[in-house]
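Visitor: Here you go, one structure.
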Amino acid sequence: MAPNEEIARALAIACLNQPSFVETLVSLSTVNKAGDAKDAKLLGQTVEEFYEAIYKGVRKTFRQP
């Protein structure tokens, strides 16, 4: 795994281990997307988007393609 991926993964895991963060992520997914927040596919997409945003930020910060 590349250093940027490791950093992004660690940040995502740290956030997702915080119950209040997960509650906020779930509530935001219902505001920004149609469907039921309890739907596993919807929540999976939300988590994937969250990780991609972290990864993009890490790449930008460390200026690696």
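Visitor: Kindly indicate which of Ile13, Ile54, Ile7 is loosely packed, with under 12 Cβ neighbours inside 10 Å, at pLDDT 90 or above and β-branched (Val, Ile, Thr).
Guide: On the way: Ile54 fails: loosely packed, with under 12 Cβ neighbours inside 10 Å; Ile7 fails: loosely packed, with under 12 Cβ neighbours inside 10 Å.
Every option except Ile13 fails the conditions.
Visitor: Report every pair of residues separated by at least 6 positions or lying on different chains whose Cβ atoms are under 7 Å apart, first residue within region 32-51 and surrounded by 14 or more Cβ atoms within 10 Å (Cβ to Cβ) and modelled with pLDDT of 70 or more, second among the β-branched types (Val, Ile, Thr) and in a helix (DSSP H, G or I).
Guide: Once the first residue is surrounded by 14 or more Cβ atoms within 10 Å (Cβ to Cβ) and modelled with pLDDT of 70 or more and sits in region 32-51, its partners that are among the β-branched types (Val, Ile, Thr) and in a helix (DSSP H, G or I) give Leu43/Val26.
The values are calculated or read from the model by the stated rules, or taken from the named source; none is laboratory data. Worth saying up front: this structure is predicted, and the values here are computed from it rather than measured. Don't worry about glycine lacking a Cβ; one is built from the backbone with ideal geometry, like all the others, and counts go over all protein chains shown.
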